[in-house]
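The structure under discussion appears below in the form of structure tokens.
The values are calculated or read from the model by the stated rules, or taken from the named source; none is laboratory data. This is a predicted model, so every value here is computed, not measured. Here the Cβ positions follow ideal geometry from the backbone for every residue, glycine too, while neighbour counts run over all protein chains shown. Heads up: the accessible areas ignore ligands, DNA and RNA and are worked out on the full protein's heavy atoms, side chains in. Shrake-Rupley method; radii C 1.70, N 1.55, O 1.52, S 1.80 Å.
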Amino acid sequence: MSHISTGVTGHPLKVYNSLGRKLEAFTPIDPKVVRVYSCGPTVYNYAHIGNLRAYIFTDTLRRVLQWKGYDVVHVINITDVGHLTSDADEGDDKMELAASKAKQTIWEVAAHYTDAFKADLNHLNIQDPTLWAKATDHIQEMIAFASTLEENGVTYGLDSGLYLDTTKVADYGRLALMDHEGMMEGARVTSVEGKRNPTDFAIWRTSEEAGKRQMEWQSPWGAGAPGWHLECSVMSIKYLGRKFDIHTGGVDHRQVHHCNEIAQNQGYRGDEDSGVNYWMHNEFLVSGQDKMSKSKGGFLRLQTLVDAGFHPLVYRYFALTADYRSTLDFSWDALKAAQTGYGRLLMRVARHKEAGQWPTKWSGLLDDIRYSRGSSYTFIMGQLLDGVSETAQGWLDRLDEALSNDLNMPMVLAALSELVQQEGLEPDEMLRVLALYDLVVGLGLLSMTAEELTLRPAEAGLSDDDVNGLLQERTQARKDRDFARADAIRDQLQEAGVVIKDGPEGTAWSWK
RNA sequence: GGCCGGGUGGCGAAGUGGUCUAACGCUGAGGUCUGCAAAACCUUUACACGUGGGUUCGAAUCCCACCCCGGCCUCCA
């Protein structure tokens, strides 16, 4: 049995590397600091809950790294450059399209959706990255990067722009386990004229007609805009170095975007290395049989869940019930089940809080964790771990074992569920263990209450005052033993989506 | 057409060679409480590993075939 102390704990961390498709022991380049780059959103629309799942995954990754005692430098990019909806230089630019629809400038659109995205992450208790990297802030660096690619002889020019020749880099497509022969370019979209290989892609897109687009820059290849894949290579190398530890993204990126990014990295540096030690990809949130997708329309936003009465953290809990590498099947019933389970968990924690003593200094420290990086994380862990019993260590070992196994959060939740129901721990020690679990799961175990999980639905017919008024009336009716009247009110409230909870100290209620 | 992945009780979802007569949560059932309920708590149910072969002392876990389903090869987490 391993002894847990601050810093790297007992079980060696293993992560699943998409490059090679196998579980590997995690070893950082720098023994103290881990550098992580996560592909962020294109800000032409709101994020849907499937998009958000990806960041719950990166947040989990980050918390686990911090749990293991590392400082984490985490970069997320914001793609605010318009990219064509079609690879064939036809169709509209997504950003431009969104702007003309909203009758705003493209910059306003980008700012609006960037803010909305960050707010969503905040509501989900996702730690801010060390740095947000905005594509439009790096155009000149992209041009310089593209020039280097050109100098290194891995590109060729066409009327439509500058392209990367994927046969000029080593082993193109290995991340995707790509089968070059069997590919059907043009199966879904017409190909670009003049491309030498089906997998070649644009580094720079030249505008057909200069000055037509809102976002356009001069370049050695004519006025235009950078290719979509360019920004990630440029910004990750700029902020994390030519070789860094972890790159994350959705599984869809594993096939094209990241293969292209690798090709760019290789072409830029003139070697065969992908530039990243661990490529990690999260699976999709699905609904019924289909993946959730913006282009299909009718997607669910976090706000949609809130309007339906679900606290954002219910979605976080729901996301943690599945492995990040498995598809997760969303349904309202499943979300409701998560809300119920999460609520009961919090109620059990609340009982432990009543029984135990919780030094107030820790509440403040735990709060700080959200806004700071690894070092204070280590500090807090040291405080909480100081002198815990062997029983407590056993529970922490279980946590450590689960998260060390490629971030097995369902296992962590299972342990947590058993933990709060067991009686072998002193109350204050129980709280410390719970606080340590919460450093990883980020569910506000010690700060949230079950009542907060159900919100007033947007379409609720009654106001809180209405409800309170009716409850008062009901209480009086019960006192008068006018049960017919009392039950009528109860039925009415139930109809309106209100759950009544009678207790020894009076009547509480919540939205359903 | 090619490549990748998946099919576990009513639902979500772990588990990838023996501790699986399969974790955990939700649901269902009974009970406590209650004027009756609800909520909460306690107890409990369901003999679930897509199908057919094979390997092995032993398979949900490995191999083969088949049947379904999804993703990717346009932008997408």
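Across every direction, the projection of the convex hull enclosing the Cα atoms of region A:320-431 has a mean area of 8.1 nm².
When the alpha carbon coordinates of chain A are projected onto the principal axes, the ranges are 86, 55, 40 Å, largest first.
Computed from the C-alpha gyration tensor, the three semi-axes of the ellipsoid equivalent to region A:130-263 are 22, 21, 14 Å, from longest to shortest.
If you put +1 on each Lys and Arg Cβ and -1 on each Asp and Glu Cβ, how big is the dipole of chain A around its Cα centre, in Debye rounded to 20? Before the final figure, lay out each step's value.
Values: 52 positive and 72 negative charges, 115 e Å.
It works out to roughly 560 debye.
Working from Cα pairs under 8 Å separated by at least six residues, relative contact order for chain A is 18 percent.
Over region A:448-512, with every protein chain in place, what whole percent of the accessible area is carbon and sulfur at 1.4 Å, could you tell me? Walk me through the intermediate numbers first.
Numbers: 1900 of 4120 Å².
That fraction is 46 percent.
Mind jotting down a quarter of the surface of the convex hull over the alpha carbons of region A:400-468, in square nanometres, one decimal?
7.1
Ordered by solvent-accessible area of protein heavy atoms (1.4 Å probe), largest first, the residues A:229, A:112, A:258, A:11 come out as A:112, A:11, A:229, A:258.
Restricting the calculation to alpha carbons of region A:414-512 gives Rg and Dmax of 18.5, 51 angstrom.
Relative to the longest principal Cα axis of chain A, at what angle does helix A:332-355 sit, 0 to 90 degrees, rounded to 10? Once rounded, the angle reads 60 degrees. For the set A:207, A:363, solvent exposure ranked by accessible area (probe 1.4 Å, protein chains only) runs largest to smallest as A:363, A:207. Considering only A:58, A:227, A:427, and ranking their Cα positions along the charge dipole of chain A that arises from unit charges at the beta-carbon of Lys, Arg, Asp and Glu, the one farthest toward the positive end is A:427. For residue A:243, a cut-off of 19 angstrom between C-alpha atoms picks up these aspartates and glutamates, skipping any fewer than 8 places away in its own chain: A:24, A:30, A:71, A:141, A:171, A:231, A:261, A:271, A:272, A:273.
With the Cα gyration tensor of region A:35-75 giving a ≥ b ≥ c as the square roots of its eigenvalues, does the rule (a/c under 1.5 for rounded; else a/b larger than b/c for prolate; else oblate) give rounded, prolate or oblate? Don't skip to the answer; put the middle values down first.
Values: a/c = 4.78, a/b = 2.07, b/c = 2.31.
Cα axes put region A:35-75 in the oblate bin.
By how many degrees, 0 to 90 and rounded to 10, does the Cα axis of helix A:483-495 deviate from the longest principal axis of chain A? Value to nearest ten degrees: 10. Averaged over its residues, chain A has an accessible area of 44 Å² per residue, based on protein heavy atoms and a 1.4 Å probe.
When the surface is traced with a 1.4 Å probe over the full set of protein chains, residue A:327 keeps roughly 80 Å² accessible. Around residue A:386, under 15 Å between beta carbons, what's the net of Lys plus Arg minus Asp minus Glu among the other residues? It works out to a net charge of -2. With respect to chain A, whose longest principal axis is taken over its alpha-carbon atoms, helix A:257-269 is tilted by about 50°. Region A:111-132 and region A:326-359 have their alpha-carbon centroids 24 Å apart. Of the residues A:148, A:104, A:352, the one whose Cα sits farthest toward the positive end of the charge dipole of chain A, with +1 on the Cβ of Lys and Arg and -1 on the Cβ of Asp and Glu, is A:352.
Ordering A:377, A:467, A:387 by Cα displacement along the dipole of region A:369-512 toward the positive end leaves A:467 in first place; charges were set at the Cβ atoms of Lys, Arg (+1) and Asp, Glu (-1).
Largest accessible area first, the listed residues A:395, A:279 line up as A:395, A:279 when surface is computed with a 1.4 Å probe on the assembled protein chains.
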